[in-house]
């Protein structure tokens, strides 16, 4: 069995290569994922999110570092994604702290933390900079992210 550090490294190395299949192989079937943009996702929703992000990535690069094993189940790491946000064509550099729970060689829980207001300023321009900290804008970003994910899943299931 792989070590937890090796699983996390495998996940982010696959992400660097936009290999969502390998990323999703690192997840348990009942994965629980959350982040400020998508909110709470479970199982296939979380796996579909990575597939959507990888397939839609433009000018993408990723670095990861500082994998810390907190105990036999919990770990954290830092990662930075740089890409062009497709809806606005704006460049985003998103610095993220990941928190993961691992069991039996799989990631069972994954939470990404980042400042949504900082992301909004980069991705959305002046509107994001001005309103990115508000509950209204945060809810709008989450609603749009969820809408994009649902549309992606529906389209993929029709093919």
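Quick grid of which residues meet (1) exposed (fewer than 14 other Cβ atoms within 10 Å of the Cβ); (2) within 25 Å of residue 44 (Cβ to Cβ); (3) touching a residue at least 40 places away in the same chain (Cβ under 8 Å):
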site	(1), (2), (3)
68	yes, no, no
90	no, no, no
122	no, no, no
136	yes, no, no
143	yes, yes, no
148	no, yes, yes
154	yes, yes, no
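Among residues of region 8-25 being part of a loop (DSSP other than H, G, I, E, B) and within 14 Å of the chain's Cα centre (by Cα), the one that is farthest from residue 53 (Cα to Cα) is 19. State which residue pairs qualify: first residue at positive phi and inside region 10-31, second residue in a helix (DSSP H, G or I) and surrounded by fewer than 19 Cβ atoms within 10 Å (Cβ to Cβ) in any location, beta carbons under 8 Å apart, and separation of 6 or more residues or different chains. Every condition considered, the pairs that remain are 18/54; 18/55.
In this structure, does residue 56 turn out to be farther than 18 Å from residue 109 by Cα, in contact with a strand residue (DSSP E or B) (Cβ under 9 Å, 6 or more places away or on another chain) and surrounded by fewer than 16 Cβ atoms within 10 Å (Cβ to Cβ)? No, not satisfied. All but one of (1) assigned to a strand (DSSP E or B); (2) at pLDDT below 95 hold for residue 2, so report the exception by its number. Evaluating residue 2 over (1) assigned to a strand (DSSP E or B); (2) at pLDDT below 95 leaves (1) as the failure.
Helices (runs of 4 or more DSSP H) wholly in region 64-159 with at least 1 residues that are in contact with a strand residue (DSSP E or B) (Cβ under 6 Å, 6 or more places away or on another chain) - which ones?
Working: elements: 116-124, 126-131, 135-158.
Fully inside region 64-159 and qualifying: 116-124, 135-158.
The values are calculated or read from the model by the stated rules, or taken from the named source; none is laboratory data. It should be emphasised that the depicted structure is a prediction, and the values quoted were computed from it without experimental measurement. Cβ: placed from backbone, ideal geometry, glycine included. Neighbour counts: every protein chain shown.
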